[in-house]
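The values are calculated or read from the model by the stated rules, or taken from the named source; none is laboratory data. Because the structure is predicted, anything quoted here is derived from the model rather than measured. Quick reminder, even Gly has a Cβ in these numbers, built from the backbone with ideal geometry, and neighbours come from all protein chains shown. These accessible areas exclude ligands, DNA and RNA; they are computed on the full protein's heavy atoms, side chains included. Shrake-Rupley method; radii C 1.70, N 1.55, O 1.52, S 1.80 Å.
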Amino acid sequence: MCGHVGMAGNLTGNTDKALKQLLIVDTLRGLDSTGIAAVNRHNQDVVVVKQVGNPFELFDMKAFDKALKRQNMVIIGHNRFSTVGNSTRANAHPFDFPGLVGAHNGTLNNKWEFEDGNSFNVDSQALFNHIDKNGVQKAINIAKGAWALVWWDKIEMRINFLRNKERSLYLCESKDGKQIFWASEGWMLSAVLGRNDIQHIVTGK
């Protein structure tokens, strides 16, 4: 079991603080590695920072501070519980490809069926490689198992969410409509956003 957290929109110092707290509470879903992908609002440049271990190991990295200090429009966060592949920085989410960067919660049972699937240690990485090369529909037609996916499309410049019935993903938006937030468990959003005085409305699961 892994966990998604993240946010998009008019991100501020307060939402950055909420992101760090979301990553901390999300350790209940995985302690093996932590990572983020941050998308700059001006040029859509993507920075990925990942580390083995809990979020505090990530927070100690200068690259993490640098990523948050940019003016970001999207931050995809992930806490990993290693099910397929060892606990290494390379195997941590999010995974960065030429056309997308994304994170996955779940386990796939047929990694070898994806394009070049056997060349990847992690089923999630094989899935995103297939999406990048062949499109999401062809990848999902093949995928067997459980998935909740969050990815940034670098070509169309938009955030995407997709899940099957085996995994949950909760979304909400700020009451002023300037930000959206997501997490694998709804209570995480309620607790952390409330703690930071971010008034919000649940929009979907």
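Run N109 past the list (1) out of contact with any His (no Cβ under 8 Å at 6 or more places or on another chain); (2) surrounded by 15 or more Cβ atoms within 10 Å (Cβ to Cβ) and report the number of the one that doesn't hold.
Only one criterion in (1) out of contact with any His (no Cβ under 8 Å at 6 or more places or on another chain); (2) surrounded by 15 or more Cβ atoms within 10 Å (Cβ to Cβ) is unmet by N109, namely (2).
Mind checking which residues of the stretch 119-166 are of a type in the set (S, T, Y) and open to solvent by 30 Å² or more (accessible area, probe 1.4 Å)?
Scanning the stretch 119-166 gives a single hit, S119.
What do you reckon, is D116 under 20 Å from V202 (Cβ atoms) and exposed (fewer than 15 other Cβ atoms within 10 Å of the Cβ)?
no
Starting from residues that are within 11 Å of K50 (Cα to Cα) and not aromatic (F, W, Y), keep the ones in the stretch 85-95 and report whichever is most open to solvent (accessible area, probe 1.4 Å).
R89
Does K138 satisfy being touching a residue at least 12 places away in the same chain (Cβ under 8 Å) and more than 17 Å from the chain's Cα centre (by Cα)?
For K138, the condition - touching a residue at least 12 places away in the same chain (Cβ under 8 Å) and more than 17 Å from the chain's Cα centre (by Cα) - is not met.
For the structure I just gave you, tell me whether A139 is part of a strand (DSSP E or B) and either at pLDDT 95 or above or among the polar types (S, T, N, Q) (or both).
No; evaluated as a whole, the condition is false for this residue.
Just wondering, is there one or more residues in the stretch 22-39 that are more than 26 Å from H200 (Cα to Cα) and either outside any strand (DSSP E or B) or open to solvent by 40 Å² or more (accessible area, probe 1.4 Å) (or both)?
Yes, the stretch 22-39 contains at least one residue that is more than 26 Å from H200 (Cα to Cα) and either outside any strand (DSSP E or B) or open to solvent by 40 Å² or more (accessible area, probe 1.4 Å) (or both).
Of everything in the stretch 9-21, what is charged (D, E, K, R) and either over 16 Å from the mean Cα position of the chain (by Cα) or open to solvent by less than 10 Å² (accessible area, probe 1.4 Å) (or both)? Give them in sequence order.
Across the stretch 9-21, the qualifying residue is only K17.
Look through the stretch 45-84, keep the residues that are under 15 Å from T34 (Cα atoms) and in a loop (DSSP other than H, G, I, E, B), and return whichever of them is most open to solvent (accessible area, probe 1.4 Å).
So the residue we want is D60.
For the stretch 167-201, which residues satisfy the criterion of being open to solvent by 60 Å² or more (accessible area, probe 1.4 Å), out of contact with any Phe, Trp or Tyr (no Cβ under 7 Å at 6 or more places or on another chain) and not small (G, A, S)?
The answer is E173, K175, D176, K178, W187, R195, D197, Q199, I201.
What pairs come up if the first residue lies in the stretch 108-128 and is within 13 Å of G145 (Cα to Cα), the second is of a type in the set (V, I, T), and their beta carbons are under 6 Å apart, counting only those six or more places apart or on different chains?
E113/I142; D123/V84
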